[in-house]
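Inspection log for the structure reproduced underneath, given as structure tokens.
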Amino acid sequence: MAAGRGAPCRIAIHRDAGHGSGMNAEPSPYLVAPEPGDTRLTTRVAGLDHDGRAIELAVVNERPLTIYLNRQEIVTVMTIGDRPDELAVGYLLNQNMLRADDRLTGIDYDDDLEVVVVRTERETDYEEKLKKKIRTSGCAVGTVFGDLMEKIDGVVLPETEVRTSWLYALSKRINTTPSLYLEAGAIHGCVLCERDRPLVYMEDVGRHNAVDKIAGWMFLNGVPADDKLFYTTGRLTSEMVIKTVQMGIPALVSRSGFTAWGVDLARQAGLTLIGRMKGKRFIVLAGERRLVWDADLSRVDDEDGRSRRKASITEDA
């Protein structure tokens, strides 16, 4: 894996080779896909059902991961434990601690210590920045450092069109993809898409972690954002909007609902914000100018019960 902007990057992963690599036994149309069959991401737990019968089910694991930038400890996040390199890089990018032109000299991960160290050519010191935090609505220790919202001012996102036919194709494809959510629940998914093709599907216990993994993957692989769409299974909150804008992606789509501040920030940044995307239905509350209404609804299927998630049945997730 190469570092962002063509810089060489050493990644030392001190664990079993292949864990969290995104490679599946079967060929996948995704560049990175969920790995619901990876037993290291879940634990089998015994219990009783509503009739008092003994059951055993898979539940997702939570592990602490402490992120360092050079010699400075930045944060400890709770994560399922896969793709620590991309999570760390994406987190630092979305906190404005890594810059777009930074050259990485290494990413070192120790599975036993549960520590990942991102190393840069540039000397870094974020002691003052670490004192200024805002607790967000994201689960699993979601924090955004206070100056991130300044990035909304003056941002110019690309005017990439968003065809409704792409949205319907993406929704069907993503919600029928084998995933940890469908296997065990209690997890969020985020997907980087290009036109009607889902490219990278990341999952984690916190939606912000899944976003950061994708941001890190894009940086490390030099993938442009201007022609991409971003899909999430979670709510369209201020944090989700800020991080999507940070990545330079012009459209954010979810099967769940909105927060008022998320909508306000999306309108301020010119981000296309589409929520409650279920079956034939969706609602756009910002950036509707990018939409091209080309889908023939008579050819779009309603969402069947097998592909429904919790958010489509009872509440926003």
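Nothing in this text is a laboratory measurement; each read-out follows from the coordinates by a stated rule. Here the structure is a predicted model, which means the values were calculated and not measured. FYI the Cβ positions are ideal-geometry reconstructions off the backbone, even for glycines, and counts take in every protein chain you see.
Worth pointing out:
- Residue order, fewest to most beta carbons within 10 Å, for E239, E194: E194, E239
- Cut-off 19 Å, label 7 Å out along Cα→Cβ of Q72, residues of region 87-106 by amide N: 88-106
- Each residue of region 109-115 was assigned a 3J(HN,Hα) from its phi angle through the Karplus curve 6.51 cos²θ - 1.76 cosθ + 1.60 (θ = phi - 60°); the sequence is 10, 10, 5, 5, 7, 6, 10 Hz, with glycine and proline shown as x.
- Once backbone amide H atoms are built at 1.01 Å from N, G234 has G189 as its partners under 5 Å, excluding neighbours fewer than 5 places away on the same chain.
- Euclidean distance of C-alpha centroids, region 31-90 and region 161-240, integer Å: 18
- Taking K129, K278, K228, K213 and counting other C-beta atoms within 10 Å, the order from fewest to most: K129, K278, K228, K213
- Its relative contact order, with pairs defined as Cα atoms under 8 Å and 6+ residues apart, puts region 162-313 at 22 percent.
- Rg/Rh for region 162-313, where both radii come from Cα atoms and Rh is the Kirkwood radius: 0.93
- Residues I74, I55, I274, arranged from fewest to most other Cβ atoms within 10 angstrom of their Cβ, appear as I55, I74, I274.
- Theoretical FRET efficiency, 1/(1+(r/R0)^6), r = Cβ-Cβ of K280 and A260, R0 25 Å, to 0.05: 0.45
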